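Asks: Have a look at this one before I ask anything.
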Amino acid sequence: MSKSLKRVRAALEASGEAVEILEMPGSTRTAAEAAEAAGCLVDQIAKSIIFRGIQSDEIFLFLTAGGNRVDPERAAGVAGQSLGKADAALIRAETGFAIGGVAPVGHLKPVQCYFDPRLSDFDQIWAAAGTPRHIFAIAPQNLLRVTGAEIADFTG
C-alpha cells in the first residue's frame with residue numbers, strides 16, 4: 001500500500017469515518033473517469049483543486065463538484081488574497097499527493113479548505129484516496145466535518 005493511501009486511510013480512521021477505499025481497475029485522475037468508475041454523476045465527484053496564495057505562499061484546497069469549475073476571482077475573494085497556479089512540485093511538497101490523486105484528507109501539512117455547496121445536493125459523494133486509482137464514498141456533511149472546510153461560493 002502506498003504512503004499516500006496509508007495517510008488517507010489513517011486520516012479517515014482518526015476522524016471516525018468508517019469508509020471503504022476502493023481500488024479501481026482504471027484511472028480515476030479526472031472527474032469523468034472517477035464518475036464512470038464509481039457509477040455516479042460527475043457532480044458527485046469531489047475534485048480537490050489546489051491554488052497557491054500569492055501573498056502568503058500557502059496553498060488553498062477547493063473541494064468542488066466534478067462538473068463545476070473554480071472561478072479564480074471568486075476563489076481569491078474566498079481566500080482573502082490573490083491566487084496563482086500551484087504546480088505539481090508544490091502540490092506534492094505540501095500535500096504529499098500527485099496531481100490526479102489529491103485527496104481531501106491526509107495532507108502532509110494543514111491546508112485551508114473550502115467546500116462547494118453543490119456537493120451537499122447528494123447523499124453520497126466520491127473523493128480521491130491519494131492515488132490515481134483509489135477513491136472512497138462519503139456523505140458530504142461527513143467530508144465537510146473531517147476536512148474542517150468552510151462552505152463557500154467559488155465556482156463560476
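The values are calculated or read from the model by the stated rules, or taken from the named source; none is laboratory data. Remember, predicted model here, so these are calculated numbers, not experimental data. Virtual Cβ from ideal backbone geometry, glycine too; neighbours counted across all protein chains shown. Please note that ligands, DNA and RNA were not included when accessible areas were found on the heavy atoms of the full protein model with its side chains. Shrake-Rupley method; radii C 1.70, N 1.55, O 1.52, S 1.80 Å.
Asks: For the range 71-97, how many residues meet the condition of being in a strand (DSSP E or B) and either charged (D, E, K, R) or surrounded by 19 or more Cβ atoms within 10 Å (Cβ to Cβ) (or both)?
Replies: Count: 2.
Asks: Suppose we filter the range 109-130 for residues that are closer than 27 Å to Met1 by Cβ, touching a helix residue (DSSP H, G or I) at 6+ places or on another chain (Cβ under 6 Å), open to solvent by 20 Å² or more (accessible area, probe 1.4 Å) and in contact (Cβ under 8 Å) with a residue 60 or more places away in the chain; how many remain?
Replies: Count: 1.
Asks: Within the range 54-66, identify whether any single residue is under 21 Å from Pro132 (Cβ atoms), modelled with pLDDT of 95 or more and either part of a loop (DSSP other than H, G, I, E, B) or open to solvent by 50 Å² or more (accessible area, probe 1.4 Å) (or both), and answer yes or no.
Replies: Yes - at least one qualifying residue is present in the range 54-66.
Asks: Still on this structure: Looking at Ala46, Ala11, which one is open to solvent by less than 20 Å² (accessible area, probe 1.4 Å), within 23 Å of Asp116 (Cβ to Cβ) and of a type in the set (A, V, I, L, M, F, W, C)?
Replies: The conditions single out Ala46.
Asks: Collect the residues in the range 1-52 that are part of a loop (DSSP other than H, G, I, E, B), modelled with pLDDT of 95 or more, of a type in the set (A, V, I, L, M) and over 16 Å from Ala103 (Cβ atoms), keeping them in residue-number order.
Replies: Selection gives Leu41 alone.
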